[in-house]
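To start, the structure itself, in structure tokens.
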Amino acid sequence: MKRKVVALLLAAAMTISLAACGGDGSSSDSGADTGASADTDTAQDTEANSEEDTTQAADSGEESADTGATEALFERDENGIPDLKGETITIWIPFNGDYTDIADNYSQWEVVQKMEELMNVHLEFTHPAIGQDAEGFSLMMAGDKLPDIIMYGGIDNYYQGGVAAAYADEVLYDYTDLINETNTPYFMEKILNDPYLGKDAYDDEGRIIRLGAMVSGSEESCTTMFGIMIRKDYLEDTGLDVPVTIDDWTEMLTAMKENGVKYPLVVDNEGNYWQTRNAFSSAYGVDANGYYVEDGVVQYGPYAPAYEDYLKKMNEWYTAGLLCPDFQSQSRSDSWSQMANDEAGAIANHTWDYTPSYYLPVEESNPDKALVAADLPVLNEGDPIHLMVTNRGLALYKYITADATNPEACVYFLDALYTDVISDLLEYGIEDKGYTVNEDGAKIITTLSKELSDEVRLGARIYEMSTASDYDIDYIKNYKYCNGVQPQCIDVLIDDGYDWIYPDGATLTTEESEDIAAYKSDIDTYVDEMVAKFITGAESFDNYETYRETLKTLGVETLIADYQAAYDRYDARN
Amino acid sequence: MKFKNFLTAFRKDLRKHAAIYIMLIPVLIYFVLFCYRPMAGLLIAFENYKPRKGIWGSDWVGLKNFINFFQSPFFWRIVKNTLWLSFGTLVFGFPFPIFFAILLNEVKNLRFKKVVQTITYLPHFITMVIICSLIIQFTNTEGFITTMVNTISSHTGALITDEKCFRAIYIISEIWQTFGWNSIIYFAAISSIDAEQYEAARIDGASRWQMMFKITLPELIPTIMILLIMQCGRIMSVGWEKAFLLQTPITYNTSDIISTYVYRQGFVEMNYSNSTAVGMFNSVVNLLLLTVANSLSKKFTESSLW
């Protein structure tokens, strides 16, 4: 530990022209990180971390020397947390509906109070009514004055025309000029200078737009929390191995059907995971319901030529009774209860749901009903997967509005969310309330239960504001997705490729967004309807060409061209 | 002059029935706030509305949103479905409570009458979300209604995902849900019929059927007409919740109606102007239907709303 601090101090000392703040930033990093790594990581990891940190500190030192020292607007303490001089910052963010019985504002959270104290800032939260984020967002937009910061992807989800339009309409504040080693050292370290994430932080006009965004996943932790799970006992009854190819799947599902399993495969319409996570479509190299990039060429899954093969296979499964016929109308919990009631053989669902819906109520007390995880199927053994929907990237975008009274303070505030102290606060909450430290020194997030005391519950994390998640694969497998089949799900999926997934960092222009507004709704309606009909056989595949023709008249090619243009601009960023 | 007369009369009436006018105030406020004031918002149907720019600051686009809607490949489908579901509910659903009230009125066992009434009111008090999940459960592959229908007919598979069955499911469940509650007003009307009429008829030797069709039914006609006109006025506003909760993409061909389309445009795609245009079209058609129904009723039955 000491070695690490010394190394960092040396690194800092070597760059003499380093401004006070840059230096503070890197050394503070070491301090806080030391604490965190002592908590979570094994000795080996700590060593690896310290090496990494040293080089990063040296790097960032050089950068700030290049850009020249700028005067820091707010002083930082030894943890790199800025003193915001009692400034008030107003924040719009949806409120977590699980807490409505004890609180109605995040300012009641101990995490927030601690942040206010550490940063010498006053935070005021505005929340839309629970479950009415869209309406609340529009009301806020129609109001006289916007809050300083809008969180939780409000702009992306609810602003018509998206980010580009929001800047064009002068809703958002352009802070690009404020981004430098002095003002935002942590943002630069965690995102801007990261080779994988850096590109996603810009829009096509060269503006930096992702300050405060959450970093999800990491190079070693790029997986998906989606899973295809099979009842182990039913699989053993068939005498087959865990299926790898689509043909293996057909064989296994048919064998299960012959063994009397009512619904060999259950999927639902609620989370629509089998579609949105490309559960079976990735074998055919198509996205089940969205745009993707095949070798630089943007395609729309339901319009791609190979999509017909995918649908034909699903239709074959449906007709043979291998797919639960209620897949369009049943809810996620229906699917899990079919698994629990010995009616279903395999399920495609989110693995987080598995714990409350299956592991705790069923499998824990009844180990015969254990599940095994299957990888995304392929057509021929050894085929690469290109379309795993990964958790890796930026998420939970935060925006500073044009009405912000002190945008500089907002910039410092958002950057400070990346400091280890605050990042941990938001990710885990308060010790012994939001999380407990177990015998291995790992932070275990307290399972939310309404029976806990108010004080404990208000000490919980605020995931919606946090800036880091799921970056440590060992932590995920050992402490977060650690029940029953969960770690296995992650293991089988972690090597799958995601190179064809449409990049989230690509941004659309205002004109492109207008096309989307004009065509997308009708296309979605038509695709949803026809896909369901082809699968159930209500529509014959003889009409497949007519279906594609109709899509064309609905404007699908315009949208593909728009997404292509956006992708090309994204690709051309350095 | 006329206005002056009106004012004096009004002032006099105000002094005489002050309490009634005071009771009127909340109702007025309600209508002004929730029915008239929002009408100003219809302006956004002619704009490219952006909440930040507001109603007055957004760009005018004229009739573009309406033209887009009329040209949409789904225009005829959703109009047709809306009319189908609403006329279907009206034609099949409207007579039910009338006959129910008349028949139940003939039952002399008071206890039995009360029990039946309570049972038929019940579905009215259950929220739509629960009603709809019940319906979905019953008409899914395993649902008991599906099993029943499939045994007695050649139908196979779930009913709820069959586009041919959607209208029947919607209308039949609508009748089940509402006929008990809607019959209340007819019960009230029947109880106000002069008992002497029945007495006189009985003395003249009229049978129960004759009394039902010659006295009860004709006495109910004004009530029936008023309710019918009011129903016509709501014809385009088919309960959107129900259609939304019961529909799945595969049944869009029969289940997608104007209001679910508006929902997808407005709240899924945030396309406020477009969805306001569609909603406005809906209301205009509604108003036309109401006017037609009213004038027809005026002509044929002498009872009308205005």
Practice task
Using only the Cα atoms of region A:429-473, construct the convex hull and provide its projected area averaged over every direction, in square nanometres to one decimal.
Solution key: 3.8 nm²
Problem - Using alpha-carbon coordinates, inclination of helix A:246-258 to the longest axis of chain A, degrees - result: 60 degrees
Exercise for the section: Could you work out how far helix A:307-319 tilts from the main Cα principal axis of chain A, as a 0 to 90 degree angle to the nearest 10? Expected result: 60 degrees
Fill in the blank from the handout: Of every hundred units of 1.4 Å-probe accessible area on region A:161-255, the number belonging to carbon and sulfur atoms, as a percent, is 44 percent
Problem - Using alpha carbons only: equivalent-ellipsoid semi-axes of region B:23-98, gyration tensor based, whole Å - result: 32, 27, 7
Practice task
Report Rg/Rh for region A:196-248, rounded to two decimals, where Rg is the Cα radius of gyration and Rh the Kirkwood radius.
Solution key: 1.32
Practice task
Report the relative contact order of chain B, percent, no decimals, based on alpha-carbon pairs under 8 angstrom and at least 6 residues apart.
Solution key: 25 percent
Practice task
Starting from the alpha-carbon convex hull of the protein assembly as shown, give the projected area averaged over all orientations, in nm².
Solution key: 47.5 nm²
Problem - Coil-residue trypsin sites (Lys or Arg not before Pro) of region A:416-468, DSSP, other Cβ within 10 Å capped at 13 - result: A:K450
Exercise for the section: Calculate the tail of P(r) for region A:425-545: the fraction of all Cα-Cα distances greater than 23 Å, expressed in %. Expected result: 62 percent
Handout entry: Residue-wise HN-Hα coupling along region B:103-114, computed from phi with Karplus coefficients 6.51, -1.76, 1.60 (Hz; x: Gly, Pro)
Key = 5, 5, 5, 6, 6, 9, 6, 4, 4, 4, 4, 5
Handout entry: Value of [θ]222 nm, deg cm²/dmol, for chain A, DSSP H segments ≥ 4, -39500 (n - 2.57) each, nearest 500
Key = -12000 deg cm²/dmol
Exercise for the section: For region A:483-527, state which residues have at least 30 Å² less accessible area in the presence of all protein chains than in their chain by itself, taking the probe as 1.4 Å and leaving out ligands, DNA and RNA. Expected result: A:A517, A:S521, A:D522, A:T525
Problem - Members of region B:37-70 that become less accessible by 50 Å² or more once partner protein chains are added (1.4 angstrom probe, chain alone as reference) - result: B:K50, B:P51, B:R52
Handout entry: Summed buried accessible area for A+B [probe radius 1.4 Å, Å², rounded to 100]
Key = 2900 Å²
Problem - Dipole in debye (nearest 20) - chain B, about Cα centre, beta carbon charges: Lys, Arg +1; Asp, Glu -1 - result: 1020 debye
Practice task
DSSP loop (so not H, G, I, E, B), at most 11 other Cβ within 10 Å: list which GluC sites (Glu not before Pro) in region A:369-440 pass both filters.
Solution key: A:E381, A:E439
Fill in the blank from the handout: Classified through the alpha carbon gyration tensor (a ≥ b ≥ c as square roots of its eigenvalues; rounded if a/c is under 1.5, else prolate when a/b is larger than b/c, else oblate), region B:66-173 comes out oblate
Handout entry: Kirkwood-based Rg to Rh ratio, region B:1-55, C-alpha trace
Key = 1.28
Problem - Cβ-placed point charges (K, R +1; D, E -1), dipole of region B:1-55 about Cα centre in debye, nearest 20 - result: 240 debye
Problem - Neighbourhood net charge (11 Å Cβ-Cβ; Lys/Arg +1, Asp/Glu -1) for A:D174 - result: -3
Handout entry: Simple Cβ-charge dipole of the protein assembly as shown, Lys/Arg +1 and Asp/Glu -1, about Cα centre, in debye nearest 20
Key = 7520 debye
Exercise for the section: Considering the options A:C410, A:N438, A:Y428, tell which one lies farthest towards the positive end of the dipole of region A:390-440, charges being +1 on Lys and Arg and -1 on Asp and Glu at the Cβ, about the Cα centre. Expected result: A:C410
Completion exercise
So, over other residues within a Cβ distance under 12 Å of A:L379, counting Lys, Arg +1 and Asp, Glu -1, the net charge is -4
Practice task
Quick one: among B:V27, B:V61, B:V285, which has the greatest mean-square fluctuation in a GNM of chain B with alpha-carbon springs under 10 angstrom?
Solution key: B:V27
Handout entry: Approximate spin-label separation B:I55-A:A306, in nm, with each point projected 7 Å along Cα-to-Cβ
Key = 5.2 nm
Fill in the blank from the handout: Note, region A:363-376: 3J(HN,Hα) by Karplus (6.51, -1.76, 1.60, θ = phi - 60°), whole Hz, Gly/Pro = x, goes 5, 4, 8, 9, x, 5, 8, 4, 10, 10, 8, 10, 6, 4
Fill in the blank from the handout: So for region B:164-306, using the alpha carbon gyration tensor with a ≥ b ≥ c as root eigenvalues (a/c under 1.5 gives rounded; past that, a/b versus b/c decides prolate or oblate), I'd call it prolate
Completion exercise
Plugging the Cβ-Cβ distance of A:Q113 and B:T147 into 1/(1 + (r/R0)^6) at R0 = 60 Å yields, to the nearest 0.05, a FRET efficiency of 0.55
Completion exercise
Computed over region A:179-234, protein heavy atoms only, probe 1.4 angstrom, the accessible area per residue in square angstrom equals 28 Å²
Practice task
Per DSSP H run of at least 4 residues, take -39500 (n - 2.57); add these up for chain B, divide by its residues and hand me the 222 nm value, nearest 500 deg cm²/dmol.
Solution key: -21000 deg cm²/dmol
Fill in the blank from the handout: A student applying the Cα gyration tensor rule (rounded when a/c is under 1.5; otherwise prolate if a/b is larger than b/c, oblate if not) would label region A:482-563 oblate
Fill in the blank from the handout: The answer for the longest stretch of chain B without any exposed trypsin sites (Lys or Arg not before Pro) (DSSP loop, at most 12 further Cβ atoms within 10 Å) is B:165-306
Exercise for the section: At 1.4 Å probe size, with every protein chain present, just tell me what the per residue accessible area of region B:63-301 comes to in Å². Expected result: 52 Å²
Practice task
Place +1 on the Cβ of every Lys and Arg and -1 on the Cβ of every Asp and Glu in the protein assembly as shown, take the dipole about the Cα centre, and give the residue among B:V278, A:I102, A:S281 whose Cα lies farthest towards its positive end.
Solution key: B:V278
Practice task
May I have the pair-distance distribution P(r) for region A:313-418, computed from all Cα-Cα distances with 10 Å bins from 0 and rounded to whole percent?
Solution key: 10, 26, 24, 16, 14, 9, 0
Fill in the blank from the handout: Across B:240-250, the residue-averaged tally of Cβ atoms belonging to other chains within 10 Å stands at 3
Exercise for the section: Using a 1.4 Å probe over the heavy atoms of the protein chains, calculate the carbon and sulfur portion of the accessible area of region B:63-301 as a whole percent. Expected result: 69 percent
Completion exercise
Which residues qualify? For A:V298, with a placed amide H closer than 5 Å and at least 5 residues away or on another chain, they are none
Problem - Over chain A, relative contact order from alpha-carbon pairs under 8 Å, at least 6 apart, % - result: 21 percent
Problem - Among B:V129, B:V149, B:G88 the positive-end extreme of the charge dipole of region B:75-175 (Cβ point charges) - result: B:G88
Problem - Binned Cα-Cα distance frequencies in chain B - 10 Å width, integer % - result: 5, 18, 25, 25, 18, 7, 2, 0
Problem - Test item: A:131-141 mean partner chain Cβ contacts at 10 Å - result: 2
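The values are calculated or read from the model by the stated rules, or taken from the named source; none is laboratory data. Worth saying up front: this structure is predicted, and the values here are computed from it rather than measured. Cβ sites come from the backbone with ideal geometry, for glycine too, and all protein chains shown count toward neighbours. Accessible surface areas use protein heavy atoms only, side chains included; no ligands, DNA or RNA. Shrake-Rupley method; radii C 1.70, N 1.55, O 1.52, S 1.80 Å.
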